[in-house]
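The values are calculated or read from the model by the stated rules, or taken from the named source; none is laboratory data. These numbers come from a predicted model, not from an experiment. Note that each Cβ is placed from the backbone with ideal geometry, even for glycine, and that neighbours are counted across all protein chains shown. Just the protein is used for accessible areas: all its heavy atoms, side chains included, with ligands, DNA and RNA removed. Shrake-Rupley method; radii C 1.70, N 1.55, O 1.52, S 1.80 Å.
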Amino acid sequence: MTDTAHAAGPVRRLAGILHRRPRLQLSLLLSAPLAWLVLAYLGSLTVLFLSAFWTTDAFTSNVVKIWNTDNFTALFTTDVYRQVALRSVGVALAVTVLCVLIAFPVAFYTARIAQPRWRPLLVVAILTPLWASYLVKAYAWRLILAQGGLLDWLLGPLGIKGPGYGLTATVLVLTYLWLPYMVLPIHAGLEQLPANILDASADLGARTGRTFRAVVLPMVLPSVAAGSVFTFSLSLGDYIAVQIVGGKTQLIGNLIYSNITLDLPLAAALGTVPVVIIVLYLLAVRRTGALSSL
């Protein structure tokens, strides 16, 4: 009994201190995940950035820790790298725009039109593709887009051929893969939209298009921007779908992957490109309040 009482004493005092100091309690709770974030994530990014200033021995392919800016100079002066970087950003933007155009009517139906009892089931249906393997979905699209595949069979009677493998196929597949990440934030934003605001807009004589532009879109814009963070960043860094359906198309992820074993410092320099682009994109969408909607 005495040992138990002695053991309980320090525990109670510590509990009392934490109860009186909620900030200290919060700091202790967040210390472990913050330490993991700093060491594992930010630490790895730091190592990535530092290794980009090293070089590779042309004869042995070994990394030589000699500091220089040759890799970054090559990124800005080599036409191939600039073209691939611009193409990657263009693909990410195209996928984001397509996801918005497709997700908005789908989310509007699930959040505002469908009966309340069906809405949870519709959300589950939207999430269902995320439960399937990435590779299974990508290779399924490879079969659909193949010459003489399902898409050619469906478009054949119209005298149209499918896009085959290439840049268009890459955008199409990435749009399918990341669409749920856009639908869910927009669904949440539309679900929180007060119905009386839409009724008031209609009572004031605003038509559907005017109500959408002046009422719905400004209030749901943070949700759209939040979804775009996922679609843009995931598309910018993807390289597997490009290898499966992209044909000869190259994006920044493919260049990084192909240089990892051949020229690690150059691959690290290439890896900083999507990181910088995503950081700039996050700073841009931060003004819309999107980060609070994630």
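Which residues in region 230-247 place their backbone N less than 20 Å from a point set 7 Å from the Cα of residue 146 along the Cα-to-Cβ direction?
240-247, by backbone N distance to the label point.
Contact order normalised by length for the chain, with contacts defined as Cα pairs under 8 Å and 6 or more residues apart; what percent is it?
Answer for the chain is 25 percent.
Whole-Hz Karplus ³J(HN,Hα) for region 276-285, in order, using 6.51 cos²θ - 1.76 cosθ + 1.60 and θ = phi - 60°, x for Gly and Pro?
Working through the residues one at a time gives 5, 5, 5, 4, 4, 5, 5, 5, 6, 7 Hz.
If the elastic network links every pair of Cα atoms under 10 Å, which of 175, 208, 55 fluctuates the most in the Gaussian network model of the chain?
Taking springs between Cα atoms under 10 Å, the residue moving most is 208.
By the gyration tensor of its Cα atoms, with a ≥ b ≥ c the square roots of the eigenvalues, what is the shape of the chain: rounded for a/c under 1.5, prolate for a/b over b/c, or oblate?
oblate
Which lysines does residue 161 reach when only Cα atoms under 23 Å apart count, and residues fewer than 8 places away in its own chain are ignored?
137, 248
In sequence order, what are the phi-derived ³J(HN,Hα) couplings for region 149-159 according to the Karplus relation 6.51 cos²θ - 1.76 cosθ + 1.60 with θ = phi - 60°, rounded to whole Hz, with x for glycine and proline?
Rounded to whole hertz, the list is x, 4, 5, 5, 5, 6, 8, x, x, 8, x.
Write down the accessible area per residue of region 45-191 in Å², having rolled a 1.4 Å probe over the full set of protein chains.
59 Å²
Considering only protein heavy atoms, what is the solvent-accessible area of residue 109 at a probe of 1.4 Å, reported in Å² to the nearest 10?
110 Å²
Say R0 is 25 Å: what FRET efficiency, to the nearest 0.05, do residue 212 and residue 287 get from their beta-carbon distance?
0.70
Could you check the spin-label model distance between residue 257 and residue 68? Points 7 Å from the Cα along Cα→Cβ, value in nm.
Taking the simple label geometry, residue 257 and residue 68 are separated by 3.0 nm.
For residue 56, which sequence-distant residues (separation of 5 or more, or a different chain) have an amide H within less than 5 Å of its own amide H, given hydrogens modelled in the peptide plane?
Placed amide hydrogens put 64 under 5 Å from residue 56.
Put +1 on the Cβ of each Lys and Arg and -1 on the Cβ of each Asp and Glu in the chain; which of 157, 116, 233 then has its Cα farthest toward the positive end of the dipole?
116
So, with a 1.4 angstrom probe, what is the percent of accessible area on the chain that is carbon and sulfur?
68 percent
For region 30-130, just say rounded, prolate or oblate: build the C-alpha gyration tensor, square-root its eigenvalues into a ≥ b ≥ c, call rounded for a/c under 1.5, and beyond that prolate if a/b exceeds b/c, oblate if not.
It is oblate, given that a/c is not under 1.5 and a/b is not larger than b/c.
Using 1/(1 + (r/R0)^6) with R0 = 22 angstrom and r between the beta carbons of residue 276 and residue 36, what's the FRET efficiency to the nearest 0.05?
About 0.40, to the nearest 0.05.
Compute the separation of the alpha-carbon centres of region 231-254 and region 133-156 and state it in Å as a whole number.
17 Å
What distance in nm separates the two pseudo spin-label positions at residue 114 and residue 204, each 7 Å out from Cα along the beta-carbon direction?
A separation of 3.1 nm, rounded to one decimal place.
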